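S.K.: My structure is below; once you've seen it, I'll send some questions.
The values are calculated or read from the model by the stated rules, or taken from the named source; none is laboratory data. Here the structure is a predicted model, which means the values were calculated and not measured. Here Cβ is always computed from backbone atoms with ideal geometry, including for glycine, and neighbour counts include all displayed protein chains.
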Ligand code: PLP
């Protein structure tokens with residue numbers, strides 16, 4: 001049949017334009033990455049045609065012998081990568097994985113305790129318009145207003161006062177490692193299920209650069225498309241004890257047919273995530289974030305009222321605090337966009353500005369590390385960001401420096417001919 005460019009030139013053009021944007025700019029949205037060619041191939045495969053409700057060996061459709069191979073590989077690789085007893089690789093996305101966990105362990109009206117959205121939590125951890133906030137009672141812990149850190153004494157106080165049925169540990173915007181053992185002790189003290197959502201830092205865990213929550217938690221969820229650099233999707237890990245409950249919460253509890261092309265692409269991503277090359281990429285990711293945090297805490301930057309929450313980072317992202325800057329989050333995001341750096345504005349704890357404006361930026365390094373950036377390029381990127389956020393920046397010159405970095409690290413070379 002006819003190629004996309006003939007069948008639908010408008011969509012073909014949008015895809016081409018997006019490829020051009022990804023190639024010509026520096027992608028620094030902390031939750032994004034560039035998947036390897038092998039992942040793109042699996043995800044764009046004929047497996048998209050197959051219905052496979054059920055689980056490998058127990059499907060409600062015929063003809064599942066080959067998609068079973070793919071799903072079994074994804075399951076075994078996920079278990080090995082994170083040292084888990086069971087993996088469910090069917091959630092369509094991180095949010096679906098999280099709904100499955102909540103429905104597996106909670107009844108409507110039970111209490112879920114998570115990090116407040118305004119302090120870096122995710123909307124699936126209790127935001128009032130989300131499934132989590134609508135069906136469950138919510139209790140929230142926060143970061144310390146002085147240090148910006150999660151204070152385990154405060155977490156314990158909230159847990160003792162609120163007596164949650166489940167505690168969720170994880171974040172979308174927090175630059176430090178969490179103490180899983182301390183969360184486990186608190187969960188045990190109040191009789192709560194411990195759920196870790198490692199969506200952001202799963203790649204670092206796979207590379208051994210961040211503590212693994214699997215030994216501490218009853219259940220762990222993650223997205224596969226952030227630091228893990230796989231297809232846009234979700235994953236649930238748990239002990240053998242909870243396997244049945246989790247599987248039936250995903251299907252038939254919440255989803256119908258699994259996306260077999262995406263599951264095959266997850267298997268590929270998990271295979272790659274077990275390699276030394278992947279571990280080195282994660283090391284460059286974390287080192288790059290530290291280099292940029294160092295640059296953004298230098299005197300010339302702090303003089304312009306720009307600072308970094310918690311003073312640095314342990315992970316793949318930096319949270320920039322603009323409360324003392326002339327720029328708000330929206331203006332800073334727009335300026336960086338003008339020089340070709342893509343970031344997102346982000347509310348900071350106790351943000352005085354509204355959520356569509358904010359007083360912060362979230363800046364991440366996974367996509368640039370995947371592109372091949374090392375310390376020298378991250379140093380130059382940090383300089384460009386610092387110059388852009390200072391008054392009187394020469395935006396044209398800075399755009400030129402971004403274009404040079406982008407040109408030096410080609411992305412998806414020859415994709416047109418694959
Ligand atoms: N959990 C956390 C901690 C996240 O940061 C995200 C995504 O930003 C999700 C869950 C949801 O993932 P998805 O966008 O795939 O539904």
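S.K.: Residues 76, 71, 85: which one is within 24 Å of residue 198 (Cβ to Cβ), touching a strand residue (DSSP E or B) at 6+ places or on another chain (Cβ under 9 Å) and without any contact (Cβ under 8 Å) to a residue 40 or more places away in the chain?
M.R.: The match here is 76.
S.K.: Determine whether segment 124-144 contains at least one residue that is under 30 Å from residue 277 (Cα atoms) and within 13 Å of the ligand (Cβ to nearest atom).
M.R.: No, because not a single residue in segment 124-144 is under 30 Å from residue 277 (Cα atoms) and within 13 Å of the ligand (Cβ to nearest atom).
S.K.: Sticking with this one: Would you confirm whether or not segment 180-193 contains a residue that is within 15 Å of the ligand (Cβ to nearest atom), surrounded by fewer than 24 Cβ atoms within 10 Å (Cβ to Cβ) and assigned to a loop (DSSP other than H, G, I, E, B)?
M.R.: No - not one qualifying residue is present in segment 180-193.
S.K.: So which pairs qualify, if the first residue must be in segment 136-148 and free of Cβ contacts under 8 Å to residues at least 12 places away in the same chain, the second must be crowded, with 16+ Cβ neighbours inside 10 Å and not in a strand (DSSP E or B), the Cβ gap must be under 9 Å, and the two must be at least 6 apart or on different chains?
M.R.: 144/349
S.K.: Check segment 372-379 and report whether any residue there is in a loop (DSSP other than H, G, I, E, B) and modelled with pLDDT under 95.
M.R.: Checked segment 372-379: no residue is in a loop (DSSP other than H, G, I, E, B) and modelled with pLDDT under 95.
S.K.: Name the residue, out of 270, 278, that is within 19 Å of the chain's Cα centre (by Cα), buried (at least 24 other Cβ atoms within 10 Å of the Cβ), away from the ligand (no atom under 16 Å from the Cβ) and not in a loop (DSSP other than H, G, I, E, B).
M.R.: 270
S.K.: Do we find that residue 99 is surrounded by 20 or more Cβ atoms within 10 Å (Cβ to Cβ), within 27 Å of the chain's Cα centre (by Cα) and farther than 22 Å from residue 244 by Cα in this structure?
M.R.: no
S.K.: So, in segment 214-232, how many residues would count as being outside any strand (DSSP E or B), over 13 Å from residue 33 (Cα atoms) and near the ligand (Cβ under 8 Å from one of its atoms)?
M.R.: Total meeting the criteria: 0.
S.K.: Now, a different point. Taking only pairs six or more apart or across chains, which ones have beta-carbon atoms under 6 Å, a first residue in segment 18-36 that is farther than 17 Å from residue 266 by Cα, and a second residue that is assigned to a helix (DSSP H, G or I) and within 16 Å of the ligand (Cβ to nearest atom)?
M.R.: Note: pairs meeting the criteria are 27/367.
S.K.: I would also like to ask the following. Please tell me if residue 158 is within 16 Å of the ligand (Cβ to nearest atom), touching a strand residue (DSSP E or B) at 6+ places or on another chain (Cβ under 9 Å), without any contact (Cβ under 8 Å) to a residue 60 or more places away in the chain and outside any loop (DSSP other than H, G, I, E, B).
M.R.: no
S.K.: Something else now. Filter segment 1-30 down to the residues that are outside any helix (DSSP H, G or I) and out of contact with any strand residue (DSSP E or B) (no Cβ under 7 Å at 6 or more places or on another chain), then identify the one that is modelled with the lowest pLDDT.
M.R.: Top of the filtered list is 1.
S.K.: Additional query: Looking only at segment 161-179, count every residue that is away from the ligand (no atom under 16 Å from the Cβ) and either closer than 23 Å to residue 99 by Cα or assigned to a loop (DSSP other than H, G, I, E, B) (or both) and tell me the total.
M.R.: Looking only at that region, the number is 5.
S.K.: Now, a different point. As an exercise: evaluate residue 392 against (1) at pLDDT 95 or above; (2) out of contact with any strand residue (DSSP E or B) (no Cβ under 7 Å at 6 or more places or on another chain); (3) within 19 Å of residue 305 (Cα to Cα) and give the number of the one condition it does not meet.
M.R.: Among (1) at pLDDT 95 or above; (2) out of contact with any strand residue (DSSP E or B) (no Cβ under 7 Å at 6 or more places or on another chain); (3) within 19 Å of residue 305 (Cα to Cα), residue 392 violates only (1).
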